[in-house]
Every structure is written in C-alpha cells, then in structure tokens.
Amino acid sequence: MPELSQETERGRSAVPFGLAEVTGPSMVPTLYHGDQLVVRYGARIRVGDVVVLRHPFQQDLLVVKRATQRCEGGWWVLGDNAFAGGDSTDYGTVPDELILGRVRFRFRPPAPAQRSPFALVRWALSAARPVRSVRPGRSERSASWRLRAR
C-alpha cells in the first residue's frame, strides 16, 4: 500500500496544500513508486477522487487510495492495482475524519538513466499531470488506448 512521507503532515494547518511521496504499487497505473503528489487538504471528496488518508489501524501511516463509494460512516477506498491490497477490502469503511485531502497533481521525477536529450524531453512532456477522478460508468482508459490494444 502506498505510504506517504510525513512531509504531508507538516504545515498542514497553515497551508491548504501539501506534498507527499508515494511508496508502493497499490495505485499503479495512476501513481507509481516515487511519484510526488500535491494534496489539497480539507477538499470536498467525491466518488472517484484519489485521496490521502490515515490508515484506520495505524494512525501514523498515511496512504493514498481512490474513494469509490460513500458509505454509512465514511468512505470505501480501493487501490487502482487490485493485486496489491491494503484497502477497504482489508480494513472496511474509512471514517470521514481519517480522510485528509484530495490528490490534485502528480509529478514523476526523472529516472537516473534518462540522460539523453530525447529522453529528457519525453520525460518533461509527461512528468507532471493532474490526477483525475474516475466517475462510475466511465472508462478509466481512453479510446485511443482501447484501439491500440486490439
């Protein structure tokens, strides 16, 4: 399950935005290990949003998941990688007070092997992206991906 650096917690009351770093594979393909996140604390959460929360059983552990369903008593959260685990299928509904904020933006640092000018340009064009919500009933992948996959 993606842990987040404790930098997320520092200065949270003073600034509505914070930074976090992803560790782990549970949000692949949306987020990868090492991705840097911009988190909007106190943002209104909707179904499909990627959120930062406190783990229900380990309050000092911060995780990032997708809010998939509003339930009585909180949110049902799942990782985008169904094989990684560490989500509501393990610990149930997450109470509202444990949801810290909504992920708005991700930045992927360059790989150490990216030294050629072509690789750096390719990285620069894809490194920073907004993290989009996935609404129920809509495909997570674009039409162009579906056409290439056939």
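In the stretch 70-85, of all residues being in contact with a Lys or Arg (Cβ under 8 Å, 6 or more places away or on another chain) and part of a loop (DSSP other than H, G, I, E, B), the one that is surrounded by the fewest Cβ atoms within 10 Å (Cβ to Cβ) corresponds to ASP80.
Whenever a residue of the stretch 60-79 is aromatic (Phe, Trp, Tyr), its partners that are open to solvent by 20 Å² or more (accessible area, probe 1.4 Å) and not in a strand (DSSP E or B), lying with C-beta atoms within less than 8 angstrom and at least six residues away or across chains, give the pairs TRP75/ILE45; TRP75/THR93; TRP75/ASP96; TRP76/THR93. Looking across the stretch 22-42 at every residue that is part of a loop (DSSP other than H, G, I, E, B) and hydroxyl-bearing (Ser, Thr, Tyr), the one that is nearest to ALA111 (Cα to Cα) is identified as TYR32.
Considering the stretch 108-138 alone, what residues qualify as being among the β-branched types (Val, Ile, Thr) and open to solvent by 80 Å² or more (accessible area, probe 1.4 Å)? Once the filter is applied, which keeps residues that are among the β-branched types (Val, Ile, Thr) and open to solvent by 80 Å² or more (accessible area, probe 1.4 Å), the stretch 108-138 yields only VAL121. For the stretch 90-102, filtered to residues that are assigned to a helix (DSSP H, G or I) and touching a strand residue (DSSP E or B) at 6+ places or on another chain (Cβ under 7 Å), the residue that is least open to solvent (accessible area, probe 1.4 Å) is LEU98. Residue selection: PHE105 satisfies the criterion of being in a strand (DSSP E or B), out of contact with any Ser or Thr (no Cβ under 9 Å at 6 or more places or on another chain) and surrounded by fewer than 21 Cβ atoms within 10 Å (Cβ to Cβ).
The values are calculated or read from the model by the stated rules, or taken from the named source; none is laboratory data. On a predicted model such as this, the values are computed, not experimentally measured, just so you know. Ideal geometry is used to build each Cβ from the backbone, glycine not excepted, and the neighbour counts take in all protein chains shown. Side chains are part of the model used for accessible areas, which takes the heavy atoms of the whole protein and leaves out ligands, DNA and RNA. Shrake-Rupley method; radii C 1.70, N 1.55, O 1.52, S 1.80 Å.
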